[in-house]
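To keep things clear, I will list the structure first and then write my remarks on it.
The values are calculated or read from the model by the stated rules, or taken from the named source; none is laboratory data. Owing to the predicted nature of the structure, the values given are computational and were not obtained by experimental measurement. Neighbour counts are summed over all protein chains in view; Cβ atoms, including those assigned to glycine, are modelled from backbone coordinates with ideal geometry. To get the accessible areas, we keep the full protein, side chains included, count just its heavy atoms, and leave off ligands, DNA and RNA. Shrake-Rupley method; radii C 1.70, N 1.55, O 1.52, S 1.80 Å.
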Amino acid sequence: MHLPRRLTTACLAAATAALIATPANPAAAANTPSVYATSETPALFDDAAGGDANADDPAIWFDAADPDASLVIATAKQGGLRVHDLGGNEIQSIQAPAAPGPDNEPGRYNNVDLLAGLKIKGSRTDIAVVSDRGRDRLRIYGIDRNHPDAPLTDLTDPAAPRVFSATEADVDDQQTAYGLATWRNASNGRYYALASQRHTTGLALMELTATAAGTVTYHRVRTLALPSSFDIGNGTSWTPCDEPGRTPQVEGMVVDTERGVLYAAQEDVGIWRMRADLTGSPRIVDKVREFGVPGTYDPVTDECTAGTDPGVGGKRITADVEGLTIYREGDDEGYLLASSQGDNTFIAYEREGDNDYVGNFRVAPAAGADAIDGSEECDGAAVLNAPLGDAYPHGLLVVHDGFNAPDVTGEDGEVRTDTNFKFVDWDDVADALDD
């Protein structure tokens with residue numbers, strides 16, 4: 001989530017008012033089914049008192065031996081990683097690496113995804129892979145159900161390379177590893193992570209390998225750059241407005257492992273579909289509503305002023321398009337879910353075929369003084385179709401909440417940046433999509 005260098009709220013409303021379903025448009029919002037969180041994680045505060053922790057992206061680890069002991073592993077940016085039980089309770093906190101020098105950036109954990117059964121020193125180990133945006137590395141953690149109080153252990157090889165940066169000076173410019181998705185290629189049995197590059201359209205495919213010492217490293221296989229400019233008809237080219245030198249980045253990503261397909265959310269553009277090995281030609285599944293809207297960047301306000309909407313955008317997603325996740329029903333059916341961050345909704349597409357639109361829903365605040373609030377400006381989401389004990393017998397959806405409630409004020413009287421994750425029973429989502 002990055003609010004600066006985007007079309008201002010007022011300009012977006014003017015450019016897309018006829019299309020956006022927001023609380024400011026009650027008639028449209030009323031048409032979006034609501035679901036409610038059943039539990040949530042503790043608040044994270046993005047200030048010095050809170051350890052500069054800011055919730056971003058979750059992943060769900062399934063404990064087949066004891067589904068009730070399954071875990072939600074989530075990034076907290078400069079606050080590192082948090083591990084939660086299915087009640088949302090924190091059971092482990094892992095700090096991001098410190099800056100190697102006074103002029104360097106510290107670790108900042110952006111996205112997380114999981115891989116099952118990587119062979120390490122003769123044993124199959126489930127791992128969590130994290131994009132360290134601050135240090136431009138991947139961090140790898142082994143998951144051990146036999147240590148329920150501290151199930152994650154750092155397995156990152158000390159010599160693991162930078163993902164995109166040629167030098168440490170480049171790391172400090174922060175065009176670094178950002179979004180992340182993992183993938184085991186069934187055809188060759190190898191394990192991969194796909195990372196996007198912050199402030200660019202770049203993607204990189206990295207192969208993960210275990211070392212004789214029991215650590216995990218990786219190397220780059222290939223890269224791909226998505227387009228930054230688009231033909232919108234009548235000989236007109238459109239580039240999303242941003243600070244000069246930056247191009248429209250990707251953050252949310254997910255791999256449909258059975259198909260070998262990567263979905264990538266280019267925040268100001270739309271959802272791309274491509275081969276997970278980054279060969280072949282990507283194609284757009286759906287565009288954001290603001291696609292094609294010209295903008296003029298103002299260096300004083302660090303914002304973009306919107307021009308006239310040419311009417312070539314999509315009809316469902318309000319930028320940014322963010323967290324992507326797949327609900328699997330067998331090898332062929334299910335849903336691709338996307339966070340429509342600009343109007344606080346989630347969009348569902350068919351997993352099969354041409355990813356036809358299915359429906360949408362919002363995670364809304366429940367009623368009552370002690371009720372759990374909803375999800376706003378969702379960056380990351382994860383869903384799992386598995387019987388997760390009594391609480392979630394048919395699966396669980398976990399979503400980031402960029403504005404956790406109620407507000408908390410600091411010693412200076414200012415409202416603190418407060419984020420967390422909401423847990424939603426999949427049965428409620430299924431009912432909403434069936435409406």
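Side notes on the structure shown:
- Checking 127, 73, 94 one by one, the residue that is open to solvent by less than 30 Å² (accessible area, probe 1.4 Å), over 25 Å from residue 250 (Cβ atoms), touching a residue at least 60 places away in the same chain (Cβ under 8 Å) and β-branched (Val, Ile, Thr) is 94 and no other.
- Hits in region 418-431 - residues which are buried (at least 20 other Cβ atoms within 10 Å of the Cβ) and either outside any strand (DSSP E or B) or not hydroxyl-bearing (Ser, Thr, Tyr) (or both): 418, 420, 421, 422, 423, 424, 425, 426, 429
- Filtered residues of region 216-257 (kept if acidic (Asp, Glu) and either over 30 Å from residue 112 (Cβ atoms) or touching a Lys or Arg at 6+ places or on another chain (Cβ under 8 Å) (or both)): 231, 242, 243, 256
- Any hit, region 186-202, residues being surrounded by fewer than 17 Cβ atoms within 10 Å (Cβ to Cβ) and in contact with a strand residue (DSSP E or B) (Cβ under 8 Å, 6 or more places away or on another chain): yes
- Qualifying positions in region 171-185 - touching a residue at least 24 places away in the same chain (Cβ under 8 Å), open to solvent by 10 Å² or more (accessible area, probe 1.4 Å) and over 16 Å from residue 275 (Cβ atoms): 172, 174, 175
- Residue match in region 389-405 (condition: of a type in the set (Phe, Trp, Tyr), open to solvent by 10 Å² or more (accessible area, probe 1.4 Å) and without any contact (Cβ under 8 Å) to a residue 40 or more places away in the chain): yes
- Region 244-259: number of residues that are open to solvent by less than 50 Å² (accessible area, probe 1.4 Å) and either out of contact with any Phe, Trp or Tyr (no Cβ under 9 Å at 6 or more places or on another chain) or part of a loop (DSSP other than H, G, I, E, B) (or both): 3
- Qualifying residue in region 132-146 (condition: of a type in the set (Val, Ile, Thr), at pLDDT 95 or above, surrounded by fewer than 23 Cβ atoms within 10 Å (Cβ to Cβ) and under 22 Å from residue 51 (Cα atoms)): no
- Residues that are open to solvent by 30 Å² or more (accessible area, probe 1.4 Å) and in contact with a helix residue (DSSP H, G or I) (Cβ under 8 Å, 6 or more places away or on another chain), drawn from region 334-361: 335, 342, 358
- Strands (runs of 3 or more DSSP E) completely within region 130-219 that count 2 or more residues being within 19 Å of residue 98 (Cα to Cα): 137-143, 152-154, 177-185
- Subset of region 196-213 that is in contact with a Phe, Trp or Tyr (Cβ under 8 Å, 6 or more places away or on another chain) and aliphatic (A, V, I, L, M) - its residue that is farthest from residue 247 (Cα to Cα): 208
- Filter pass, residue 44 being in contact with a helix residue (DSSP H, G or I) (Cβ under 9 Å, 6 or more places away or on another chain), modelled with pLDDT of 95 or more and within 21 Å of residue 393 (Cα to Cα): no
- Among the residues of region 41-70, those that are of a type outside the set (A, V, I, L, M, F, W, C), more than 17 Å from residue 375 (Cα to Cα) and touching a residue at least 60 places away in the same chain (Cβ under 8 Å) comprise 46, 47, 50, 63, 66, 67, 68, 70.
- Test: residue in region 220-231 that is open to solvent by less than 70 Å² (accessible area, probe 1.4 Å) and under 27 Å from residue 69 (Cα atoms): no
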